[in-house]
Structures are given as structure tokens and as C-alpha cells.
Amino acid sequence: MKDLCRRLCLAALLLILLLPMPAVSARAQDCFAVETAESAMAGQEIRVAVFMEDGADLAGFRASIAYDAGKLAFQRVELAGWLPKADYYTDSSGSGIVRSVYAADLSGGKAVAGTGAVAVYLFKALPAPGKARITVTIDQAYDGAVHPVDGSFSSVHEVEISNIPPAGVRLLALEPSAGALQPPFSPECFSYELSVGSDVSTVEFQAQAAGGCTVKASRKKLSAAGKETNISITVLSADKKDKAVYQILVRRAANGPVGTASHNTGKGPHASSGIRTDGEEHSEKSGSLAPGTAVSGSQAGVQSPGGNRELFVEGNTMANYLLVGAVVLLAAALFFVGYAMLKKKKQP
């Protein structure tokens, strides 16, 4: 009896140690971030940038960007240079909402891993003063091992839209403390880009306004290396009735080698130097992840129920988790039963 109890205990212990345990699921709220401007004038471009955070390793996700169609007009999507165009589908056919699905082709290696911009959604401010709400929701995310990521991500932003002010409400000069504005400053140009090194954490501006106007910058501290920061320079008229808003998109270089995120295909990472502009809207997917088709192995795929595409994964991952959990509980029960019997046997 004593030998039997020992064998039961050892078998249970070995079973627990050798069984593959399910990986702890990441939280979707920790995997993403969104940056956009706080204000814009009619006709200006508004960028809504979606970032992957903390070296997230993702095989797929679904994104939904809801916006005020009365104040904003969707223009196009810009993808990060390391993100394959064929893996990212965007549908903007519905008024007031843009839907995207990212599904990595895992046939040759790993999913996208890194920190940086995934996609930038560009809108145009309409001549309709007031606050325009933008809500970004990301769900159905899967990690690099095609396990569901816990929960969903949601981020709500409000952009103040104003009409173009009279000619007297303008900047006459604008000079950043680091880098150079692109295009070069002009009083009638209200949108600029600025690239700075990863070691630059703040940017201040020397500004000269038309007589009687006051100037205020929305911020000087930049987001983390590898991210974008929107800075607004607001010019307010002397009577405080009119204002002009100059938007500066600051791109801070990533730490280390250029392009911190990569799409691994088994042939090594492909570095990127920034955001690639895809002139056309991504209206159809192509290649091995065509709409409505399943993919083999442990890949993620896309199915199309009407205009609302969803992510799916072949195979029942949850059933596997339940099976492993049941076996672990059984092994633990055998261990404790054997231990109790052995302890009782030793008692006088």
C-alpha cells in the first residue's frame, strides 16, 4: 500500500510538471494606444494614430473607428511600413464608422511584434464648428500563438473644429527648438510635420503673432520614443472672438535601430523608417488571406458577415485549455489523495 501511494504521488507530480500550461493572456487595454489632435480648423487634416504598446506580439485584431460624420470626412488609411498591406483590410463604406481587420500570415514565421504605429486613419475637418467625437475600439485580438487576448481596448477623443479666422489672426513666424518644420513655415499653412531624434523629449516653439494676438502651445512634452505627438499652436485675436490653430505633428525617432517593429516571416525582421502613405484606400484584401476564406494551421483569418468583418481562428483553442485544465485538476487530486493516504498510513 505504501509503495502504491508513493507511485501515485510521483505520477501525479510528473503529470503536472510535464503538461504544457496555457500562456497567461495579455490584456487588450495594455496592447494599444491612440494619439490624435485636440483641435483643428475646417479643411485641416486630422490624424488618428493607432499604436501597439510594450512589444505586443499580435496575430490579429479587429478595429472600429466611430466618428462624427457631420464634422469629419474619412480620407484614407496609412499603414506602418513593416505591416503588410495584404494583411490589413479596411472598410469605410458605412457613414460615421471605419472598420479594419488585421490578420497576420503566420505560414512562414511569427506575428508582428514591436512598439510603434500600426495604422493612421486620416480625416478632414468639415466647416462645422464644434466638438467632433472619435471613438476607437479594438477587440477580437489574438497573440502570436493565436491565443485570445483578454478584453478589448477603447479610447474616446474629442476634436474642437473651428472655421478659418480672418486674415489678421495669424502667426508671422514659428521656429521649433529641435528639427525643422515641413513644409517650411508660411502664415497661411496650418499643418506641419516635425521629425526629431529619440533623445529629444520636449519641443518648444518661438512664435511671433500679428499685432494684438496672443499665442499658446498645447504642450511641449513629447510622447515616448517611436511615437507621434500632435502639438497645437493657437493664435487668439485681441478681442478673443477669433482664433487660428496651427497643427504640428512631431515624429520622435525610436530608440536603437530604425524601425522597432517588424513582421517576422522566418527570414529576419524587415526594418521600417516610419509610416508609408498608401494613396489608395484599402478596399480589398489579397493573397492567402482573401475575404471569406479560412487559412491553414494556426493562422488567423477573416470572414465577412455583410460589412462587419470578424476575426476567427481555426480549431477550438478554448476546448484545449479546458482539457488541459481538467487533466491538471485530476493530477492534483491524485497527488493529494495519495499524500493523505500515505500520511494516514504513518500514523500509529
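The values are calculated or read from the model by the stated rules, or taken from the named source; none is laboratory data. Predicted model only: the values in this text are computed from it and were never measured. Please note: Cβ atoms are built from the backbone with ideal geometry, for glycine as well, and neighbour counts cover all protein chains shown. Calculation scope for accessible area: heavy atoms of the full protein, side chains included, ligands and nucleic acids excluded. Shrake-Rupley method; radii C 1.70, N 1.55, O 1.52, S 1.80 Å.
Summary of values
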item	result
Leading residue by the ranking (nearest to residue 208 (Cα to Cα)) among those in the stretch 244-272 that are at pLDDT below 90 and in a strand (DSSP E or B)	262
Test set (1) modelled with pLDDT of 85 or more; (2) in contact with a helix residue (DSSP H, G or I) (Cβ under 7 Å, 6 or more places away or on another chain); (3) open to solvent by 40 Å² or more (accessible area, probe 1.4 Å) - residue 105 fails condition number	(1)
Any pair with Cβ under 8 angstrom, 6 or more apart, that starts in the stretch 189-218 at a residue that is part of a loop (DSSP other than H, G, I, E, B) and ends at one that is of a type in the set (S, T, N, Q) and open to solvent by 30 Å² or more (accessible area, probe 1.4 Å)	198/255; 203/177; 204/177; 218/234
Residue in the stretch 59-74 that is crowded, with 16+ Cβ neighbours inside 10 Å, in contact (Cβ under 8 Å) with a residue 24 or more places away in the chain, part of a strand (DSSP E or B) and touching a helix residue (DSSP H, G or I) at 6+ places or on another chain (Cβ under 9 Å) present	yes
Number of positions in the stretch 113-152 that are outside any loop (DSSP other than H, G, I, E, B) and either farther than 30 Å from residue 42 by Cβ or of a type outside the set (A, V, I, L, M, F, W, C) (or both)	18
Filter result for residue 120 (open to solvent by less than 10 Å² (accessible area, probe 1.4 Å) and either touching a Leu at 6+ places or on another chain (Cβ under 6 Å) or within 17 Å of residue 230 (Cα to Cα) (or both))	yes
